[in-house]
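Here is the structure we will look at.
The values are calculated or read from the model by the stated rules, or taken from the named source; none is laboratory data. Fair warning: this is a prediction, and the values are worked out from it, not measured in the lab. Here the Cβ positions follow ideal geometry from the backbone for every residue, glycine too, while neighbour counts run over all protein chains shown. These area figures cover heavy atoms from the full protein model, side chains too; ligands, DNA and RNA do not enter into them. Shrake-Rupley method; radii C 1.70, N 1.55, O 1.52, S 1.80 Å.
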Amino acid sequence: MDSSVIYEEQTPYFVLLYRKSGLMRLLETVLFLAGFAGVFLLFPYRSVPFIMGTIVAAAMVIFGFPALFRALYRPRYILYEDKLVIHMGNQREEIPLVQIEPAYDLPYIFRIRGKRRPLLVSNQFVDQLQTQLEIIRRTGARG
């Protein structure tokens with residue numbers, strides 16, 4: 001099969017606001033707890049500054065962490081006719097499409113080499129990947 005690029009995408013900031021890997025969720029939680037601990041130590045419990053500080057800490061983590069992640073790792077996904085290439089920071093991973101299948105719980109989560117894995121991509125990219133996986137499945141069933 002020819003390996004021409006079907007779709008290429010650098011993960012947009014807005015996608016990172018609502019699509020996250022398990023590691024990203026864990027890091028966000030740790031950052032929020034660290035900010036909350038700082039607020040807890042600085043202000044009296046249930047005071048207005050305590051509540052405002054907690055809200056600011058949450059907003060900074062929710063909106064700042066995706067921007068930081070995007071700036072540091074520059075996630076980029078390239079879909080070819082026969083493979084998916086993932087660039088995350090300085091790492092490059094090449095996955096043949098025959099090793100990818102939908103996980104069916106969320107549209108952006110796929111089973112890659114037997115393990116569930118979220119792809120931090122837009123709905124358009126997911127649609128293109130689903131289409132290409134269906135083409136691979138149908139041609140593989142015939143051949």
- Message: Exactly one condition in (1) under 15 Å from the mean Cα position of the chain (by Cα); (2) in a loop (DSSP other than H, G, I, E, B) is false for residue 44; which is it?
- Response: (1)
- Taking residue 8 as the residue in question, decide whether it is of a type in the set (Asp, Glu) and either on the phi > 0 side of the Ramachandran plot or open to solvent by 80 Å² or more (accessible area, probe 1.4 Å) (or both). yes
- Selection from the range 68-91 of residues that are aliphatic (A, V, I, L, M) and open to solvent by 50 Å² or more (accessible area, probe 1.4 Å): 68, 71, 72
- Six or more apart or on different chains, Cβ under 6 Å: which pairs go from a residue in the range 108-125 that's in contact (Cβ under 8 Å) with a residue 24 or more places away in the chain to one that's of a type in the set (D, E, K, R)? Could you list them? 108/19; 120/19; 121/9; 125/9
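Of the residues 36, 50, 65, which single one is within 27 Å of residue 107 (Cβ to Cβ) and either open to solvent by 70 Å² or more (accessible area, probe 1.4 Å) or not β-branched (Val, Ile, Thr) (or both)? Before you say what the answer is, go through the steps one by one.
Working: 36 fails: within 27 Å of residue 107 (Cβ to Cβ); 50 fails: within 27 Å of residue 107 (Cβ to Cβ).
It is 65.
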- Task: Considering each residue of the range 63-100, count those that are in contact (Cβ under 8 Å) with a residue 40 or more places away in the chain, within 14 Å of the chain's Cα centre (by Cα) and over 28 Å from residue 140 (Cα atoms), and give that number.
- Result: 7
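For the range 101-114, what are the residues that are farther than 14 Å from residue 79 by Cβ, outside any loop (DSSP other than H, G, I, E, B) and within 15 Å of the chain's Cα centre (by Cα)?
Taking the range 101-114 as the starting set, the residues that turn out to be farther than 14 Å from residue 79 by Cβ are 101-107, 109, 111, 113-114.
Next, from what is left, pick out any that are outside any loop (DSSP other than H, G, I, E, B): 101-102, 109, 111.
109, 111, listed by residue number.
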- Message: Restricting to the range 11-27, name every residue that is open to solvent by 30 Å² or more (accessible area, probe 1.4 Å) and in a helix (DSSP H, G or I).
- Response: 13, 14, 17, 18, 22, 23, 25, 26, 27
- Can you name the residue in the range 81-100 that is over 20 Å from residue 20 (Cβ atoms) and assigned to a loop (DSSP other than H, G, I, E, B) and is also modelled with the highest pLDDT among such residues? 90
